[in-house]
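Undergrad: Following this message is one structure expressed as structure tokens.
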Amino acid sequence: MITIFIRTIIIYFILLGTMRILGKRQLGELEVSELITTILLSEIASMPISNQNIPISYAIIPLITIVTFEMSFSLLLSKFSKLKNILSTPPSALIYKGRIQQKELSKNRISPEELISELRLKNISDPSQVEYAILEQNGLLSVFPKIEHQQVTLKHLNIEDSESGILHIIISQGVWNEYNLKMLNKRKEEFEKYLRKKNIEQNKVFLLTIDDNDKINLIIKGE
Amino acid sequence: MRGFIITAILFSIMIIVIISNTFLMNEATHNMKEAIESLEKIPCQENEVIIEQLANNWKKTSIWISLSVSYDNIEEITDMISSLGAANATSNVEQFQIHISLLLNSIDEMGRLEKISIKNIL
């Protein structure tokens, strides 16, 4: 039992390191090779955990080899776009300028029922409302409605408003987010001053955020 | 790029380990086979010393060899060496020679995966 326990820990950290090296692309599985890699990694990693007779190197060697090939492919694909067309399928326009492309549907082995179902998942009940529907390389469908079916925006109503941008986390559960501080070019002292004004200690902060208009939001622990 | 460099370093270390393991494994199997071939064909007292030496060397070798050889295979060879010693002690010629043959097969099996061949790959 203890061997299984130790092997599981080792394999877990090796997998963690592997996924860390492979990065966000692997999590998103943008390419076919990335999907294959993810499937293989999980199968290979489980082998020495479930079978005590297999040396742990039988998982480590394939993991490192697969990661190396995956990284090399990703690098080559990013440098040589022609290679991209050979190794991965380009996006397909299933609806182009409002017309369903029957050839593309057939090429991607997608039935009209499946297309309608995917559009419904995007809250579109009628394909005639769609200007473009593109089947991306990761298998997801991007849908762009026709202008008359698009959601109304402030621009359509000629209303101006300032961009609030996104919220940037500065303190989370009492701990500084150094990365965001550096990115925003802000200093801890500014926020410490703010907290002193509010008579709140840093370790009592659940969440402190700032938006692109420098508006600070604070949530105290236990609130 | 940093990820690629880390991967390349890990891959290089792995290749070095694989190549070293191949050499060490070939050396280990060669030494064991040599020791077995130096045995007298019939059970005798001289064989006891060689078998004991073989067992001691195997005990040390099996520690690092377990990196690339399955537990079943290692246990099999350990049992074979013990059986060989027992066969030598009983002075049963037929049994002794059978055990030599079985031990040689197990050693070949142990070294098989470190030999590059179409048969192994397929």
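The values are calculated or read from the model by the stated rules, or taken from the named source; none is laboratory data. All values derive from a computational prediction rather than experimental measurement. Don't worry about glycine lacking a Cβ; one is built from the backbone with ideal geometry, like all the others, and counts go over all protein chains shown. Side chains are part of the model used for accessible areas, which takes the heavy atoms of the whole protein and leaves out ligands, DNA and RNA. Shrake-Rupley method; radii C 1.70, N 1.55, O 1.52, S 1.80 Å.
Undergrad: Does A:GLY174 qualify as being touching a helix residue (DSSP H, G or I) at 6+ places or on another chain (Cβ under 6 Å) and either over 30 Å from A:ILE36 (Cα atoms) or surrounded by 16 or more Cβ atoms within 10 Å (Cβ to Cβ) (or both)? Even if it seems obvious, please write down each step before you answer.
TA: On the way: touching a helix residue (DSSP H, G or I) at 6+ places or on another chain (Cβ under 6 Å): yes; either over 30 Å from A:ILE36 (Cα atoms) or surrounded by 16 or more Cβ atoms within 10 Å (Cβ to Cβ) (or both): yes.
Taking the combined requirement at face value, the residue satisfies it.
Undergrad: Those residues that are aliphatic (A, V, I, L, M) and either within 14 Å of chain A (Cβ to nearest Cβ) or on the phi > 0 side of the Ramachandran plot (or both), I need them from segment B:53-76; list them, please.
TA: Matches in segment B:53-76: B:ILE63, B:ILE65, B:LEU67, B:VAL69, B:ILE74.
Undergrad: Among the residues in segment B:103-113, are any more than 14 Å from chain A (Cβ to nearest Cβ), closer than 18 Å to B:ASN47 by Cβ, outside any loop (DSSP other than H, G, I, E, B) and among the charged types (D, E, K, R)?
TA: no
Undergrad: When you check B:TRP58 against the structure, is it assigned to a helix (DSSP H, G or I), within 30 Å of A:ILE49 (Cβ to Cβ), aromatic (Phe, Trp, Tyr) and open to solvent by less than 30 Å² (accessible area, probe 1.4 Å), yes or no? If you could, list the steps in order and put the result at the bottom.
TA: Numbers: assigned to a helix (DSSP H, G or I): yes; within 30 Å of A:ILE49 (Cβ to Cβ): yes; aromatic (Phe, Trp, Tyr): yes; open to solvent by less than 30 Å² (accessible area, probe 1.4 Å): yes.
When the stated conditions are applied, B:TRP58 passes them.
Table: residues versus (1) of a type in the set (D, E, K, R); (2) assigned to a helix (DSSP H, G or I); (3) more than 30 Å from A:ASN123 (Cα to Cα).
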{"position": "A:LEU157", "(1), (2), (3)": "no, no, no"}
{"position": "A:GLU160", "(1), (2), (3)": "yes, no, no"}
{"position": "A:GLY165", "(1), (2), (3)": "no, no, no"}
{"position": "A:LEU181", "(1), (2), (3)": "no, yes, yes"}
{"position": "A:GLU190", "(1), (2), (3)": "yes, yes, yes"}
{"position": "A:LYS193", "(1), (2), (3)": "yes, yes, yes"}
{"position": "A:ARG196", "(1), (2), (3)": "yes, yes, yes"}
{"position": "A:ASN213", "(1), (2), (3)": "no, no, yes"}
{"position": "A:ILE219", "(1), (2), (3)": "no, no, yes"}
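Undergrad: On to the next question. Residue check: is B:ILE98 away from chain A (no Cβ under 14 Å), open to solvent by less than 80 Å² (accessible area, probe 1.4 Å) and over 11 Å from the mean Cα position of the chain (by Cα)?
TA: On the way: away from chain A (no Cβ under 14 Å): yes; open to solvent by less than 80 Å² (accessible area, probe 1.4 Å): yes; over 11 Å from the mean Cα position of the chain (by Cα): yes.
Here the answer is yes, as B:ILE98 does meet what is asked.
Undergrad: Filter segment A:100-126 for residues that are surrounded by 16 or more Cβ atoms within 10 Å (Cβ to Cβ) and either closer than 16 Å to A:ILE147 by Cβ or hydroxyl-bearing (Ser, Thr, Tyr) (or both) and give the result.
TA: If the condition is that a residue be surrounded by 16 or more Cβ atoms within 10 Å (Cβ to Cβ) and either closer than 16 Å to A:ILE147 by Cβ or hydroxyl-bearing (Ser, Thr, Tyr) (or both), then A:ILE124 is the only one that fits.
Undergrad: Related question: Can you spot a residue in segment B:76-83 that is out of contact with any helix residue (DSSP H, G or I) (no Cβ under 7 Å at 6 or more places or on another chain), modelled with pLDDT under 90 and either open to solvent by 20 Å² or more (accessible area, probe 1.4 Å) or small (Gly, Ala, Ser) (or both)?
TA: So far as segment B:76-83 goes, no, none of its residues is out of contact with any helix residue (DSSP H, G or I) (no Cβ under 7 Å at 6 or more places or on another chain), modelled with pLDDT under 90 and either open to solvent by 20 Å² or more (accessible area, probe 1.4 Å) or small (Gly, Ala, Ser) (or both).
Undergrad: Taking the conditions exactly as written (within 14 Å of another protein chain (Cβ to nearest Cβ) and part of a helix (DSSP H, G or I)), does B:MET25 satisfy them or not?
TA: yes
Undergrad: Hey, can you tell me all the residues within segment A:147-171 that are within 17 Å of A:LEU184 (Cβ to Cβ), at pLDDT 80 or above and open to solvent by 70 Å² or more (accessible area, probe 1.4 Å)?
TA: Just the residues of segment A:147-171 that are within 17 Å of A:LEU184 (Cβ to Cβ), to begin with: A:163-171.
Next cut, at pLDDT 80 or above only: A:166-171.
If the condition is that a residue be within 17 Å of A:LEU184 (Cβ to Cβ), at pLDDT 80 or above and open to solvent by 70 Å² or more (accessible area, probe 1.4 Å), then A:ILE166, A:LEU167 are the ones that fit.
Undergrad: Identify, from the list A:LEU40, A:LEU30, the residue that is modelled with pLDDT of 80 or more, closer than 24 Å to A:LEU140 by Cβ and more than 10 Å from chain B (Cβ to nearest Cβ).
TA: Going through A:LEU40, A:LEU30 in turn, the sole match is A:LEU40.
Undergrad: Checking B:MET14 against (1) surrounded by 14 or more Cβ atoms within 10 Å (Cβ to Cβ); (2) in contact (Cβ under 8 Å) with a residue 12 or more places away in the chain: exactly one of these is not met. Which one?
TA: Of (1) surrounded by 14 or more Cβ atoms within 10 Å (Cβ to Cβ); (2) in contact (Cβ under 8 Å) with a residue 12 or more places away in the chain, only one is false for B:MET14: (2).
Undergrad: Quick one: would you say A:ILE124 is within 26 Å of the chain's Cα centre (by Cα) and of a type in the set (A, V, I, L, M)?
TA: yes
Undergrad: Return yes or no: is B:SER38 under 25 Å from B:GLN97 (Cα atoms) and among the hydroxyl-bearing types (Ser, Thr, Tyr)?
TA: Details: under 25 Å from B:GLN97 (Cα atoms): yes; among the hydroxyl-bearing types (Ser, Thr, Tyr): yes.
Yes; evaluated as a whole, the condition is true for this residue.
Undergrad: Could I ask something else about it? Go through (1) in a helix (DSSP H, G or I); (2) open to solvent by 90 Å² or more (accessible area, probe 1.4 Å); (3) over 22 Å from A:ASN51 (Cβ atoms) one by one and return the number of the condition B:LYS41 breaks.
TA: Unmet for B:LYS41, out of (1) in a helix (DSSP H, G or I); (2) open to solvent by 90 Å² or more (accessible area, probe 1.4 Å); (3) over 22 Å from A:ASN51 (Cβ atoms): (1).
Undergrad: Do you know which of the residues in segment A:127-141 that are in contact (Cβ under 8 Å) with a residue 40 or more places away in the chain and assigned to a strand (DSSP E or B) is surrounded by the fewest Cβ atoms within 10 Å (Cβ to Cβ)?
TA: A:ILE134
Undergrad: Might you check whether a residue that is open to solvent by 100 Å² or more (accessible area, probe 1.4 Å), in a loop (DSSP other than H, G, I, E, B) and of a type in the set (Lys, Arg) occurs anywhere in segment A:199-206?
TA: Within segment A:199-206, none of the residues are open to solvent by 100 Å² or more (accessible area, probe 1.4 Å), in a loop (DSSP other than H, G, I, E, B) and of a type in the set (Lys, Arg).
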